[in-house]
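Encoded as structure tokens, the structure appears first; notes follow it.
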Amino acid sequence: MKIVESTADIRERLKSHRGVSKIALAPTMGCLHEGHLSLIRKAREVADIIIVSIYVNPMQFGPNEDLDAYPHTFNADAAACEAEGVDYLFHPENLYAKGGPKVTLAVSELADCLCGKSRPGHFDGVATVVNILFNIIQPDVAVFGEKDWQQLSIIRRIVSDLHMPIEIAGAPTVRESDGLAMSSRNRYLESDERNVSKELRASLQAICDAYKDGETQASPLIASGRDWLEKHGIKPEYLEIREAANLASIDQLGGADARAFVAAKVGNARLIDNIALEPL
Ligand code: PAF
């Protein structure tokens, strides 16, 4: 595995692979866990040359968010990538023009709901950095986790709206044994918070079970999830059911694929999760 820090260098190295091998990119902000490793494995299933990028993107953090506290674990991350057979680890110091970017991507509608409501500008930051990474690496395929479903939907839309010849692959959420979705932010949880945080997934599962039992109206389903969270002392930032493909709100399930989405602050960690509610 080669660790590459400059844009010019990675571009030069990828020249010999283009048109010969399928190139996959798994963008990350480091602090890699099993969820990230599943992105790498998915990339390996669909491509020949695997690039992992590690870049903590300042543009996607709001002024009161955890940019400064965001964990940096580069040596462990590099060892994990090496063990997974990654070909190139792209680790740039900065991806933006000096003085900050003057040209950015703005995401509308898809970014106005769910996490976008409490994190204004977050998805513009994600879209801008992913666009930069796509321009540098020019992958054939890029892999993102389904835990960040809103992000995945937005990236699919970027690629389609901007006519980028890149296939976007989603990788299923990887969970701890009690169901908590893996996240770099789980390390902020104290042990009692860690214990209660599994209830996010359980609330989504309660919604899914009620749906499978025949409830197809969104509001009673959401109410059952809220009751579950309340019983465990969790006040959700949101708990919503939306169409899976375009995140449009939905009252009656059973037609288009839907998903239930939850976000809640547990201690200092803001946790998110989602679950599929497909037509039965
Ligand atoms: O999902 C993440 O880790 C980040 O949002 C991403 C896609 C690497 C962009 O910074």
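The values are calculated or read from the model by the stated rules, or taken from the named source; none is laboratory data. Keep in mind that what you see is a predicted model, and the values were worked out from it rather than measured. So basically every Cβ, Gly included, is an ideal-geometry build from the backbone, and we count neighbours across all protein chains shown. Note: areas computed on protein heavy atoms with side chains; ligands, DNA, RNA excluded. Shrake-Rupley method; radii C 1.70, N 1.55, O 1.52, S 1.80 Å.
A few comments on the model shown:
- In degrees, nearest ten, helix 198-212 long axis to first principal axis of the chain (Cα): 60
- Using alpha-carbon coordinates, inclination of helix 149-161 to the longest axis of the chain, degrees: 50
- Around the Cα centre of segment 191-280, unit charges on the Cβ atoms of Lys, Arg, Asp and Glu (plus for the first two, minus for the last two) sum to a dipole of about 320 debye.
- Gap separating the Cα centres of segment 266-280 and segment 97-169, nearest whole Å: 20
- When only the Cβ of Lys, Arg, Asp and Glu is charged (+1, +1, -1, -1), the dipole of segment 5-102 relative to its Cα centre reaches about 540 debye.
- Cα shape, segment 113-180, gyration tensor, a/c 1.5 rule: oblate
- Relative contact order [Cα under 8 Å, 6+ residues apart], segment 1-88, whole percent: 38
- Label point distance in nm, residue 227-residue 205, each placed 7 Å from Cα along Cα→Cβ: 1.8
- With respect to the chain, whose longest principal axis is taken over its alpha-carbon atoms, helix 218-231 is tilted by about 90°.
- Dipole moment magnitude, nearest 20 debye, the chain about Cα centre, only Lys, Arg, Asp, Glu C-beta charged: 540
- With every protein chain in place, the chain: carbon and sulfur % of accessible area (1.4 Å): 48
- Solvent-accessible area per residue, Å², over the chain with all protein chains present [probe radius 1.4 Å]: 47
- In segment 214-280, taking the dipole from charged Cβ atoms about the Cα centre, the farthest positive-side position among 280, 268, 223 is held by 268.
- Over the chain, relative contact order from alpha-carbon pairs under 8 Å, at least 6 apart, %: 17
- Exposure ranking of 215, 199, 278 by accessible area [1.4 Å probe, largest first]: 278, 215, 199
- Distance between the modelled labels on residue 161 and residue 175, one decimal in nanometres: 3.2 nm (7 Å Cα→Cβ projection).
- Near residue 89: Cβ cut-off under 10 Å, other residues only, Lys/Arg at +1 and Asp/Glu at -1. The net charge is -3.
- Local electrostatic count, residue 9, Cβ distance below 12 Å [Lys/Arg +1, Asp/Glu -1]: +2
- Listed by chain and number, the lysines whose C-alpha is less than 19 Å from the C-alpha of residue 147, apart from same-chain residues fewer than 8 away, are 42, 117, 198, 265.
- Packing, as the average of other Cβ atoms within 10 Å across residues, places the peptides 181-189, 15-23 in the order 181-189, 15-23, highest first.
- Most positive-pole-ward Cα, 79, 195, 10, against dipole of the chain from beta carbon charges: 10
- Put simply, the amide H of residue 105, placed in the peptide plane, has neighbours under 5 Å in 128, leaving out anything fewer than 5 places away on its chain.
- Once backbone amide H atoms are built at 1.01 Å from N, residue 167 has 141, 142 as its partners under 5 Å, excluding neighbours fewer than 5 places away on the same chain.
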